[in-house]
1. I'm spelling it out carefully: the read-out is log10 I(q)/I(0) by the Debye sum over Cα atoms at q = 0.12, 0.19 Å⁻¹, the candidates are (1) -0.49, -1.26; (2) -0.62, -1.20; (3) -0.75, -1.12, and one was derived from this structure. Which label?
2. To make sure I understand, if each residue's beta carbon is the centre and we count other beta carbons within 10 Å, what order do 132, 60 fall in, fewest to most?
3. Can you tell me the orientation of helix 121-149 relative to the chain, as the angle in degrees between its alpha-carbon axis and the longest Cα principal axis, to the nearest 10?
4. Over the chain, what is the percentage of antiparallel beta bridges among all DSSP beta bridges, to the nearest 5?
5. Say we join alpha carbon atoms closer than 10 Å with springs in a Gaussian network model of the chain; which of 110, 37, 19 then has the biggest fluctuation?
6. Angle between the Cα long axis of helix 47-56 and the longest principal axis of the chain, 0 to 90 degrees, nearest 10?
7. Only Cα pairs under 8 Å and at least 6 apart count here; give the relative contact order of the chain as a rounded whole percent.
8. For helix 103-114, what angle does its Cα long axis make with the longest principal axis of the chain, in degrees from 0 to 90 and rounded to 10?
């Protein structure tokens with residue numbers, strides 16, 4: 001096969017898509033999660049749900065937050081090391097995947113934890129709070145504009 005290859009995955013499809021970052025030229029992950037344990041923790045009843053999930057699945061985990069950051073290519077498929085362009089989208093109003101369990105946030109947390117010289121945990125927390133404030137302000141602005149237009 002010749003040419004560039006890109007992969008798109010949404011929600012649960014984000015697991016396969018992020019796994020393919022080693023083999024393709026571009027991935028687009030739409031409204032997916034970083035790992036299922038974080039979804040269980042934030043969406044349901046905390047650590048108890050995570051423990052039940054681990055028990056029910058025999059410890060299986062999807063680590064999309066780590067896979068999306070992977071830059072090592074598998075040379076068995078004739079791929080030379082080169083970048084994989086990545087686009088991650090999320091919806092702060094998603095009813096299933098909480099913003100803090102989204103791939104965007106968990107990948108950022110994972111990246112910063114592996115590169116502590118970039119940001120301290122307090123700076124990361126401050127950054128996430130600032131992003132949340134911006135999203136809230138944007139939501140209020142859109143409501144105001146829609147009331148004025150109606």
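Each value in this text was obtained by applying a stated rule to the coordinates, not by laboratory testing. In this text, all values refer to a predicted model and were calculated from it rather than measured experimentally. We place every Cβ from the backbone using ideal geometry, glycine too, and count neighbours over all the protein chains shown.
1. (2)
2. Details: 132 13, 60 9.
By the 10 Å Cβ count, ascending: 60, 132.
3. The two axes meet at around 60 degrees.
4. Given both bridge residues lie in the chain, the antiparallel proportion sits at roughly 15 percent.
5. The residue that fluctuates most here is 110.
6. 30 degrees
7. Taking the mean separation of contacting Cα pairs over the length of the chain, I get 23 percent.
8. 70 degrees
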